[in-house]
1. Of all trypsin sites (Lys or Arg not before Pro) in the stretch 119-183, which ones are in loop regions per DSSP and have a Cβ with at most 10 other Cβ atoms within 10 Å?
2. Let me know the shape class of the stretch 102-193, please: from the alpha-carbon gyration tensor, a ≥ b ≥ c as square roots of the eigenvalues, rounded when a/c is under 1.5, otherwise prolate if a/b is greater than b/c, or oblate.
3. Keeping all protein chains in the complex and leaving out DNA, RNA and ligands, what accessible area do you get for His214 with a 1.4 Å probe, in Å² to the nearest 10?
4. How big is the shadow of the Cα convex hull of the chain, averaged over all directions, in nm²?
5. Can you pull out the trypsin sites (Lys or Arg not before Pro) in the stretch 35-97 whose DSSP state is coil and whose Cβ has at most 14 other Cβ atoms within 10 Å?
6. Under a point spin-label approximation (7 Å from Cα along Cα-to-Cβ), what is the Glu196-Arg183 distance to one decimal in nm?
7. Rank these by accessible area, largest first, 1.4 Å probe: Trp20, Trp155.
8. Just to make sure I understand: if all protein chains stay in place, what is the order of Val31, Val56 by accessible area at 1.4 Å, largest first?
Amino acid sequence: MSLSPELQAQILRLYHAEKWLPNTIARQLGVHHSAVTRVLAQAGVPAAVASPRASVVDPYVGLITETLARFPTLSAARLYVMARERGYRGSDSQFRYRVSLLRPRKPAEAYLHLRTLPGEQAQVDWGHFGHLQVGRARRPLMAFVMVLSYSRALWVRFFLDARGASFLAGHVSAFEHFASVPRVLLYDNLKSAVLERSGDAIRFNPALLALAAHYRFEPRPVAVARGN
């Protein structure tokens with residue numbers, strides 16, 4: 001919201017001449033506090049920084065950080081006992097909260113958002129949706145899923161098992177639904193696609209290779225434990 005020059009002048013006068021706090025100015029003038037802060041900042045007034053409150057945990061921050069540097073996975077409960085033995089008499093919850101803030105964390109891993117061309121790639125997987133009672137048998141309800149990487153169009157077909165024949169049938173029904181075959185199909189190392197893997201050495205399911213040869217697509221497993 002844009003404030004009129006008159007209102008901006010009034011904010012500056014109340015702040016400098018009357019020594020009103022920004023929240024007081026905002027409340028009395030009926031404007032949002034962020035608008036008052038913006039006017040003051042444009043006039044060169046530094047933003048107020050709240051001074052941190054002293055805590056009974058403060059004297060033990062060094063103990064916490066030094067211990068976690070050597071033993072990053074040490075529990076907050078064990079650190080709490082160590083601090084108690086050194087004279088800490090504050091609350092357990094307050095101590096655990098400070099430990100959670102000080103515990104070293106692995107840096108976030110960055111992922112590159114890959115874009116593919118239309119018809120270039122799709123992703124294939126099984127999904128499990130519980131069980132169904134069929135007569136006296138309790139059968140798993142499995143969903144064959146194919147997602148086109150470019151459009152995110154989705155095809156799902158349900159089966160009562162995850163056997164190889166159902167896996168191949170799911171491919172065929174997806175190709176018929178999309179009326180086309182992607183050049184590359186990605187698999188998350190599921191047994192229906194990859195029988196064995198050692199590093200980059202991969203032994204595909206022969207039935208899948210036969211299907212790939214018939215439809216002229218490339219089966220490609222993603223890196224192990226890297227479904228992203």
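1. Listed in order of number, the matching sites are Arg136, Arg152.
2. oblate
3. Surface accessible to solvent at His214 totals approximately 130 Å².
4. 25.9
5. Working: sites: Arg38, Arg53, Arg70, Arg78, Arg84, Arg86, Arg89, Arg96; in loops: Arg53, Arg86, Arg89.
Sites meeting the loop and neighbour criteria: Arg53, Arg86, Arg89.
6. A separation of 3.2 nm, rounded to one decimal place.
7. Working: Trp20 85, Trp155 60 Å².
Per-residue accessible area, sorted high to low, gives Trp20, Trp155.
8. On the way: Val31 25, Val56 80 Å².
Putting Val31, Val56 in descending order of accessible area: Val56, Val31.
The values are calculated or read from the model by the stated rules, or taken from the named source; none is laboratory data. Fair warning: this is a prediction, and the values are worked out from it, not measured in the lab. No Cβ is skipped: glycine too gets one built from the backbone with ideal geometry, and neighbour counts run over all protein chains shown. Calculation scope for accessible area: heavy atoms of the full protein, side chains included, ligands and nucleic acids excluded. Shrake-Rupley method; radii C 1.70, N 1.55, O 1.52, S 1.80 Å.
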